[in-house]
1. Considering only residues that are modelled with pLDDT under 90 and in contact with a Lys or Arg (Cβ under 9 Å, 6 or more places away or on another chain), which ones fall in the range 1-33?
2. Take the residues in the range 19-43 that are touching a residue at least 12 places away in the same chain (Cβ under 8 Å) and in a loop (DSSP other than H, G, I, E, B), then tell me which one is surrounded by the fewest Cβ atoms within 10 Å (Cβ to Cβ).
3. Over 19 Å from GLU136 (Cα atoms), touching a strand residue (DSSP E or B) at 6+ places or on another chain (Cβ under 6 Å) and either modelled with pLDDT of 90 or more or not aliphatic (A, V, I, L, M) (or both): does that describe GLU76?
4. Condition (residue is more than 24 Å from the chain's Cα centre (by Cα), among the charged types (D, E, K, R) and assigned by TED's automatic domain parsing to the domain that holds GLY31) applied to the range 69-88: is it met by at least one residue?
5. Test THR8 against the stated conditions and say whether it is more than 24 Å from ILE139 (Cα to Cα) and of a type outside the set (D, E, K, R).
6. When only residues in the range 85-112 that are small (Gly, Ala, Ser) and in contact (Cβ under 8 Å) with a residue 40 or more places away in the chain count, which is surrounded by the most Cβ atoms within 10 Å (Cβ to Cβ)?
Amino acid sequence: MAGGKQHTITALVQNEAGTINRLASLFRRRGFSLASFNAGDCEDPGFSRLTLVVNGDDVILTQCLKQLTKLIDVVECEDLTPEESVQRELALIRVEPTPENREAVYKIALEFMAKTPKATEKTVVVEISADIREVERLIETLKPFNVTEIVRTGVVAMRVE
């Protein structure tokens, strides 16, 4: 696939059986590279809002948008630039620090404005909701403290008017 730029696309779709499958099939058939796919209910009953992060150049983006608008379930879709949108990802990071490093993990979480919703004698779960770069920075900062599991939601995005 030409180019490595990531494009964030949001789509409003009818919430019907098979909609997500049709979207996934479209991306598979066309060879579009999806970095992230997120779907959920939205403000309109009967509809869902999707956020897709697609890898590729501007030609790939244009093809992707054209193909999406052809699907009967898709009501609207648009490309969102970081400047005109808020983009966030939720990540849960399980860390197993040594007893001596436990306070350092809490301090790092605080510095990143992350939460620590659950801790046991052996583990601390760190929760962050931030842009992708900030999530990546937190993960890298926590690695020396024995990161044992990472769960990420993928990007959600909204246009800022």
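The values are calculated or read from the model by the stated rules, or taken from the named source; none is laboratory data. All figures in this text were calculated on a predicted structure; none of them were measured in a lab. Cβ sites come from the backbone with ideal geometry, for glycine too, and all protein chains shown count toward neighbours.
1. Passing the criteria: only LEU26.
2. Ranking the candidates gives GLY31 first.
3. yes
4. Scanning the range 69-88 turns up at least one residue that is more than 24 Å from the chain's Cα centre (by Cα), among the charged types (D, E, K, R) and assigned by TED's automatic domain parsing to the domain that holds GLY31.
5. No: the conditions fail for THR8.
6. In this case the residue turns out to be ALA91.
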